[in-house]
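See below for the structure under consideration.
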Amino acid sequence: DSDQTVGPLTSSDLRALADSGAIGQDSPICREGEEVWRKAADVFPGFWRPAARSVSIRAHAGIAPTSGGVIYAGFWLRCFALFIDSILAGILVAVCEFITAFATAATMSVGGSSTEAAVTGGWLLGGLMGLLASWIYFAGAESSSVQATLGKRALGLLVTDLEGRRVTFGRATGRYVGKFFSGLFLGIGYLMAAFTDKKQALHDMMAGTLVVRK
């Protein structure tokens, strides 16, 4: 679509695009694992109806079209989404930390450890579990089929790679780790989203991701 690859797409995605007129029997398609691009009619005979490509494929892929191709999420919109996610993730982390710390301390006490050691060990392990919960929340949600955390979904935002595609869990993890560096030096890495051309924060640049509006 406009010399950009979109996908991978499921058969139901293709059906919806064909019905909308976004793609037709002459549209170029390449099966996963292949390197040859062929006409849709040759890849799936009988599946396509002649149709003008009057609708952008990228719009159906969850990326709003503009003269530049996509609408990048602005700094303040991202701030509001992060505020929502910080509250939700904070609750999740606190619950995980408390349950883990309590269970660990109780187990260590039964095993004969001193009260002080049991409490310390419990909160250390609880902190690790809280960090794990935060990582799973952000990386898992942004690499899922909805491509967004709850905060981003509430404000109509998506996380994509530089080509507008869904990110992998590994890339989403890299983005999560990169937030540590964005938070250094008074959060200047986050502030970069207000001045860069594609509204990327430092962790977006590190992970090769974009935050766009639907």
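The values are calculated or read from the model by the stated rules, or taken from the named source; none is laboratory data. Remember, it's a predicted structure, so these values are computed and weren't measured experimentally. All Cβ positions, even for glycine, are placed from backbone atoms using ideal geometry, and neighbour counts span all protein chains on display. All accessible areas refer to the heavy atoms of the entire protein, side chains included, with ligands and DNA or RNA removed. Shrake-Rupley method; radii C 1.70, N 1.55, O 1.52, S 1.80 Å.
Values for this structure:
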{"quantity": "Exposure of Tyr72 as accessible area (Å², to 10), given a probe of 1.4 Å and all protein chains", "calculated": "70 Å²"}
{"quantity": "Overall form of region 172-214 per C-alpha gyration tensor (a/c, 1.5; a/b vs b/c)", "calculated": "oblate"}
{"quantity": "Heavy atoms of Cys96: accessible area, 1.4 Å probe, square angstrom to 10", "calculated": "40 Å²"}
{"quantity": "Whichever aspartates and glutamates have a C-alpha closer than 19 Å to that of Lys39, once near sequence neighbours (fewer than 8 apart) are set aside", "calculated": "Asp1, Asp3, Asp13, Asp19, Asp26"}
{"quantity": "Residues of type lysines that Lys199 reaches as a straight line, Cα spacing below 17 Å, ignoring anything fewer than 8 places off in the same chain", "calculated": "Lys152, Lys179, Lys214"}
{"quantity": "Rounded FRET efficiency, nearest 0.05, which uses the C-beta distance separating Leu124 from Leu184 and R0 of 30 Å", "calculated": "0.80"}
{"quantity": "Extension reserve of the Glu34-Ala194 stretch, reckoned as 0.36 nm per residue once the Cα distance is removed", "calculated": "53.6 nm"}
{"quantity": "For region 126-193: Kirkwood Rh in Å [reciprocal of mean 1/r, alpha carbons]", "calculated": "12.7 Å"}
